[in-house]
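Quick notes on the structure that follows.
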Amino acid sequence: MVDSANYQTASRDLKAPSLIETARLRLRRPLATDAAAIFERYSSDPEVTRFLSWSRHQSIADTHAFLKFSDQEWERWPAAAYLIISRKDGRLLGSTGLSFEAKDQAATGYALARDAWGHGYATEALRAMIDVARSTNVVRLYALCHPQHQASRHVLEKAGFSLDRTWTKQTEFPNLALGVSQDVVCYALIFNG
């Protein structure tokens, strides 16, 4: 069992940067002022959210709730959500991040606006999340994917994740079938220190 007082101190010591730059992307912690752009660019788009494990945003209030949750996660853990922004033109492309379950285990993923698909941004963003995971002492980083989402499976493999053939859990994809657990594939990376 994790001693929460000691972990809170340790998590502050291992805080990930709130801004990361890659060759083409700027990844930064979301702000309340980003709500309209997030809603318009990707979180309300049925195609973008189709295979995601979170519900498509029906109103800007849903996006504000996400931003509040993100702030709480940033306070509690070493990292949380990041927005993906083009360094070239400053355009919001989507989001990625880490979702911690324990100090040494986190999930990752991404959502990109439709006009950002097919440019390698997801792979670039996921590689940055791998670096963040390593820097915050994550031992196991994983991502869940709908079995039929071949593009995301390819992105995860390209970023260095391996299929976890021992995974047997199901999850809900609320934008496909609300309240129905479905098969899911798990891709994982194990860091050896």
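The stretch between Ala61 and Ala151 holds 29.4 nm of extra length on full extension. This uses 0.36 nm per residue minus the Cα-Cα distance.
For region 1-143, pairs of C-alpha atoms spaced more than 22 angstrom apart make up 37 percent of the total. Rg and Dmax of region 18-77, both derived from C-alpha coordinates alone, stand at 12.5, 33 Å. Each residue, Gln170 and Ala36, gets one label point 7 Å from its Cα in the Cβ direction; the gap between the two is 4.2 nm. Using a cut-off of 24 Å between alpha-carbon atoms, which lysines can reach Lys88, once sequence neighbours fewer than 8 places away in the same chain are excluded? Straight-distance partners of Lys88: Lys158. Taking trypsin sites (Lys or Arg not before Pro) as exposed when DSSP calls them loop and at most 16 other C-beta atoms lie within 10 angstrom, the chain has its longest site-free stretch at 92-164. Looking only at His57, His146, His119, which one moves most when the chain is put into a Gaussian network model with springs between Cα atoms under 10 Å? For the chain, modelled as a Gaussian network with Cα springs under 10 Å, the answer is His119. Dipole magnitude for the chain: about 400 debye, using +1 per Lys or Arg Cβ and -1 per Asp or Glu Cβ, origin at the Cα centre. Extending 7 Å from Cα along the Cβ direction at Phe191 and again at Ala23 yields two label points whose distance is 2.2 nm.
Can you work out the accessible area per residue across the chain, with the rest of the protein chains kept in place, probe 1.4 Å, in square angstrom?
Details: 10220 Å² over 193 residues.
Normalised by residue count, the accessible surface of the chain is 53 Å².
Rounded, prolate or oblate for region 80-193? Axes are the square roots of the Cα gyration tensor eigenvalues, ordered a ≥ b ≥ c, and the cut-off for rounded is a/c under 1.5. Note, shape of region 80-193 comes out oblate.
Anything in the chain that counts as a DSSP H helix reaching 20 Å or more along its axis (C-alpha) with Kyte-Doolittle mean of at least -0.5? List them, would you? If you can, show how the numbers build up before the last one.
Details: long enough: 60-76 (24 Å, -0.82); 121-135 (21 Å, 0.19).
Qualifying helices, which must be both long enough and hydrophobic enough, are 121-135.
On the beta carbon distance between Asn137 and Leu178, with R0 = 30 Å, the FRET formula returns roughly 0.25.
Ligands, DNA and RNA aside, Asp62 has an accessible area near 60 Å² when probed at 1.4 Å. Between Val139, Val180, Val155, the residue with the greatest mean-square fluctuation in the GNM of the chain (Cα pairs under 10 Å linked by springs) is Val180. Applying a DSSP loop filter and a limit of 15 other Cβ atoms within 10 Å to the chymotrypsin sites (Phe, Trp or Tyr not before Pro) in region 141-180 leaves Trp167.
Atom-type composition of the exposed protein surface of the chain places 50 percent of the accessible area on carbon and sulfur (1.4 angstrom probe). Ordering Pro174, Gly109, Ser53 by the projection of their Cα atoms onto the charge dipole of the chain, which places +1 on the Cβ of Lys and Arg and -1 on the Cβ of Asp and Glu, puts Gly109 at the extreme positive end. Each helix, a run of at least 4 DSSP H residues, gives -39500 (n - 2.57); summed and divided by the residues of the chain, these come to -9000 deg cm²/dmol at 222 nm.
The values are calculated or read from the model by the stated rules, or taken from the named source; none is laboratory data. Computed from a predicted model, the values in this text were never measured in an experiment. Virtual Cβ from ideal backbone geometry, glycine too; neighbours counted across all protein chains shown. Side chains included, ligands, DNA and RNA excluded: accessible areas come from the protein's heavy atoms. Shrake-Rupley method; radii C 1.70, N 1.55, O 1.52, S 1.80 Å.
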